[in-house]
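Written below as structure tokens is the structure these notes are about.
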Amino acid sequence: MERGKVDALLGIVFGDEGKGKVVDVFTPKYDVVARFAGGPNAGHTIIFEGKKFVLRSIPSGIFDEGKLNIIGNGCVIAPDLFMAEAKELETAGYDLRSRLHISKRAHLILPTHRVLDRAYEAAKGKSKVGTTGKGIGPTYSEKAARTSLRVGDILENFQAKYEALKARHEQMLRDLNYTDYDITEEEKLWLEGIEYMRTFPLTDTEIEINKYLREGKNVLAEGAQGTMLDIDHGTYPYVSSSSTICGGVCTGLGVAPLSIGEVFGIFKAYSTRVGAGPFPVELFDETGDKIREIGHEYGAVTGRNRRCGWVDLVALKYAIMINGVTQLIMMKGDVLDTFETIRVCVAYEKDGVTTTDMPYETEGWKAVYKDLPGWQTDLTGITRKEDFPEAFASYIKYLEKELETPITIVSVGPDRAQTIEM
């Protein structure tokens with residue numbers, strides 16, 4: 001029997017590209033959908049049949065009955081937020097326990113991790129990273145320091161382990177002179193979430209996944225955030241705390257590199273970024289505001305305004321290289337329907353130097369643009385690539401040529417039905 005493959009579906013710029021929608025569309029083709037990194041700081045929005053769901057920790061394949069969904073060892077989980085998310089899905093009629101497994105090796109976000117997140121950010125003054133305050137960074141930091149708690153720890157002698165780590169956090173907060181907090185009610189809900197998690201299959205998911213691969217079954221690895229937020233290859237220090245790139249699939253699920261099949265890279269027809277950090281293509285004018293309003297560019301979890309700009313070929317080429325992207329998926333082409341001119345960032349410029357390679361630091365670099373004609377046509381009702389207006393088809397061909405990678409799927413609206421295969 002031919003061994004199955006793990007196809008990776010990754011955001012390849014700053015996240016928020018619409019991964020959840022594409023995972024939902026792709027799920028019928030796979031046996032398993034697995035999250036390999038990140039935590040409840042990322043929201044994947046899915047809209048179908050007039051219903052809207054925002055998933056934070058649970059994989060976006062959860063709506064397809066009969067498909068196994070896995071939260072992998074590379075993820076961090078907040079039990080209280082997981083419980084709220086899962087109960088919302090249960091209320092909507094989805095039987096989660098028959099289709100969701102959680103890795104015992106995934107790490108737990110404690111209430112005091114969230115307080116530490118706020119304390120660390122406050123201590124940075126003007127150098128704030130712009131975190132969501134969900135405790136992601138402190139949890140991954142303790143994972144690296146080998147002091148964190150994992151999901152498997154809730155199965156034996158958990159209370160003592162929890163109290164010891166909580167006491168350590170409280171001492172750290174005193175050392176930071178950050179004592180104005182109260183987690184009493186939050187902690188009650190968090191401990192309730194721990195009991196709720198015990199009702200789910202807590203398994204050695206790396207063994208499960210490799211068993212499925214040996215049986216010829218295929219896995220879709222669902223990414224969180226984007227390549228430019230990767231802890232190693234992103235715009236450090238304005239990054240997430242996990243490995244968001246294709247290499248993170250191997251470490252975050254426990255699969256070998258030879259198991260990786262297709263690498264789908266998702267990007268928008270324009271660019272967005274949430275939080276602080278350099279963003280060479282950012283628009284501070286009416287055009288940026290217009291893209292934000294038409295594209296509803298507000299965080300699914302935080303509600304924060306997303307910074308908007310034109311598509312960035314420097315960042316895309318870098319991400320395609322780092323991830324080994326084999327197919328591109330372009331989202332939100334319809335947001336640019338009304339623009340007479342579409343701009344594309346083809347290089348960065350700083351102090352008289354121009355580059356098409358990603359610099360070590362992007363602070364201070366300015367975008368160099370090429371102008372293309374807009375299509376000025378409503379794309380939202382189009383269902384076949386043959387019906388694309390000529391200017392939009394030309395835009396796609398231009399990007400494919402410059403990025404040397406085929407665009408195989410184009411999204412022209414938020415609904416799962418507004419997804420066109422090329």
Practice task
Kindly provide the set of residues from segment 229-255 that are at pLDDT below 95 and hydrophobic (A, V, I, L, M, F, W, C), ordered by number.
Solution key: L229, I231, V239
Handout entry: helices (runs of 4 or more DSSP H) lying entirely in segment 105-207 (those with 2 or more residues that are within 25 Å of G277 (Cα to Cα) and either open to solvent by 60 Å² or more (accessible area, probe 1.4 Å) or without any contact (Cβ under 8 Å) to a residue 12 or more places away in the chain (or both))
Key = 111-123, 136-145
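One line per residue, one yes/no per condition, for (1) more than 16 Å from F36 (Cα to Cα); (2) not aliphatic (A, V, I, L, M):
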{"site": "V219", "(1), (2)": "no, no"}
{"site": "L229", "(1), (2)": "no, no"}
{"site": "H233", "(1), (2)": "yes, yes"}
{"site": "S242", "(1), (2)": "no, yes"}
{"site": "G254", "(1), (2)": "no, yes"}
Practice task
Kindly indicate whether S98 is open to solvent by 30 Å² or more (accessible area, probe 1.4 Å), of a type in the set (S, T, N, Q) and either closer than 18 Å to E206 by Cβ or without any contact (Cβ under 8 Å) to a residue 40 or more places away in the chain (or both).
Solution key: yes
Exercise for the section: Tell me, please, whether a residue that is open to solvent by less than 20 Å² (accessible area, probe 1.4 Å) and under 24 Å from D232 (Cβ atoms) can be found in segment 370-393. Expected result: no
Completion exercise
For V314, the lone unmet condition from (1) under 21 Å from A391 (Cβ atoms); (2) more than 19 Å from the chain's Cα centre (by Cα); (3) open to solvent by less than 10 Å² (accessible area, probe 1.4 Å) is (1)
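Residue by residue, here is whether (1) within 26 Å of I207 (Cβ to Cβ); (2) touching a residue at least 40 places away in the same chain (Cβ under 8 Å); (3) in contact with a strand residue (DSSP E or B) (Cβ under 9 Å, 6 or more places away or on another chain) holds:
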{"residue": "K5", "(1), (2), (3)": "yes, yes, yes"}
{"residue": "F14", "(1), (2), (3)": "no, yes, yes"}
{"residue": "E17", "(1), (2), (3)": "no, yes, yes"}
{"residue": "V25", "(1), (2), (3)": "no, yes, yes"}
{"residue": "F36", "(1), (2), (3)": "yes, yes, yes"}
{"residue": "T45", "(1), (2), (3)": "no, yes, yes"}
{"residue": "K52", "(1), (2), (3)": "no, no, yes"}
{"residue": "I70", "(1), (2), (3)": "yes, yes, yes"}
{"residue": "P79", "(1), (2), (3)": "yes, yes, yes"}
Practice task
Considering only segment 270-301, state which residues are hydrophobic (A, V, I, L, M, F, W, C) and surrounded by fewer than 20 Cβ atoms within 10 Å (Cβ to Cβ).
Solution key: A276, F284, I294, A300, V301
Problem - Filter result (closer than 19 Å to K19 by Cα and surrounded by 22 or more Cβ atoms within 10 Å (Cβ to Cβ)) within segment 64-81 - result: L68, N69, I70, I71, G72, G74, C75, V76
Practice task
Select from segment 337-372 the residues that are touching a residue at least 24 places away in the same chain (Cβ under 8 Å) and basic (K, R) and list them in ascending order.
Solution key: R343, K366, K370
Handout entry: Candidate set from segment 235-263 (those that are of a type outside the set (V, I, T) and touching a Phe, Trp or Tyr at 6+ places or on another chain (Cβ under 8 Å)); member that is surrounded by the fewest Cβ atoms within 10 Å (Cβ to Cβ)
Key = S241
Practice task
Quick one: V25 ticks every box in (1) touching a Phe, Trp or Tyr at 6+ places or on another chain (Cβ under 8 Å); (2) part of a helix (DSSP H, G or I); (3) over 23 Å from R105 (Cβ atoms) except a single one, so which number is it?
Solution key: (1)
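Would you be able to say whether some residue in segment 350-366 is under 22 Å from F392 (Cβ atoms), open to solvent by less than 50 Å² (accessible area, probe 1.4 Å) and under 26 Å from the mean Cα position of the chain (by Cα)?
The answer is no, given that none of the residues of segment 350-366 is under 22 Å from F392 (Cβ atoms), open to solvent by less than 50 Å² (accessible area, probe 1.4 Å) and under 26 Å from the mean Cα position of the chain (by Cα).
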Fill in the blank from the handout: Flagged in segment 380-422 as touching a strand residue (DSSP E or B) at 6+ places or on another chain (Cβ under 6 Å), assigned to a helix (DSSP H, G or I) and of a type in the set (G, A, S), in numbering order, are A391
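The values are calculated or read from the model by the stated rules, or taken from the named source; none is laboratory data. Being a predicted model, the structure only gives us computed values, none of them experimental. Ideal geometry is used to build each Cβ from the backbone, glycine not excepted, and the neighbour counts take in all protein chains shown. In case anyone asks, the SASA skips ligands and DNA or RNA and just uses the protein heavy atoms, side chains included. Shrake-Rupley method; radii C 1.70, N 1.55, O 1.52, S 1.80 Å.
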